[in-house]
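What follows is a set of notes on a single structure, which appears directly below.
Each value in this text was obtained by applying a stated rule to the coordinates, not by laboratory testing. No experiment lies behind these values; they were computed from the predicted model shown.
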């Protein structure tokens, strides 16, 4: 890297690449654009500064590294990203090794209910075991969380999962929960059988997005029963489904969580012959001592709930 001049510029930048510019390009390439990079760079920097400094890198190299809209790396950008990625991607790991072999930053993704109801106890326990640990939390529904794992934006997610993890993932089953239909308290339905006997179900159906395991398993079982009932409304979380059902907007597909009360004007109808919903942890690669400890605590918490 060149010498820094009084004005903050690089006095001989024409002879070497600026490492900070390379770091910014790494985040842009990794996260698929300048604005996503700004949201994920672990220190404060504004979009205009990132844009300007990456443009300086392109000017120095005499090439275009990526197309802005839609975002795609050029061949030159792909070559540079492949070269710098191992260095920047492993900085936290090396720092952890130098600090005594323990990671100092743990990034967790989870659904809303996990973050609200269960994560505080888990984080309190893990911080007692790993003092000084920095923790980042990301919220989302299952498909979003898997994407965060693929992009290496989280180390571990806890959410609803398929029994067989996707290729490249490892999983741990924590809970198996029964599927239920949620209805507004004054709805006259007494059992789900009343719905299946109808020629055409007119009640609006509220579900998680179609790609989620809960929705896919529900629709698969309906098909086996020769019942057609398709979602009218998609919600991004179980909490939203409860809210919409309580507002009289339809019937919701959800799971029964031990110890979690429903809203006062919502009741559940059992789906006894439907598959259980699996809640578990997903990760990629080798487990660190920190992750091993966290998973042990998550298993203990799951036993308490179950």
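General remarks:
- Cα centroid separation - the stretch 125-168 against the stretch 248-306, whole Å: 15 Å
- Contour excess over end-to-end distance, with Cα ends at residue 170 and residue 287 and 0.36 nm allotted per residue: 41.2 nm
- Extension reserve of the residue 237-residue 74 stretch, reckoned as 0.36 nm per residue once the Cα distance is removed: 55.0 nm
- Degrees between helix 75-89 axis and first principal axis of the chain (Cα, 0 to 90, nearest 10): 80 degrees
- From its DSSP helices (H runs of at least four residues, each -39,500 (n - 2.57)), the chain gives a residue-normalised ellipticity at 222 nm of -12000 deg cm²/dmol.
- Under the shape rule built on the C-alpha gyration tensor, where the axes satisfy a ≥ b ≥ c, the chain is prolate, since a/c reaches at least 1.5 and a/b is greater than b/c.
- Cα shape, the stretch 179-275, gyration tensor, a/c 1.5 rule: rounded
- With Cα atoms, 0 to 90° folded angle of helix 213-224 axis to the chain main axis: 40 degrees
- 0 to 90° range, to nearest 10: angle between helix 119-129 axis and the chain longest Cα axis: 50 degrees
- Taking a ≥ b ≥ c as the square roots of the eigenvalues of the Cα gyration tensor, the stretch 13-89 is classed as rounded, since a/c falls below 1.5.
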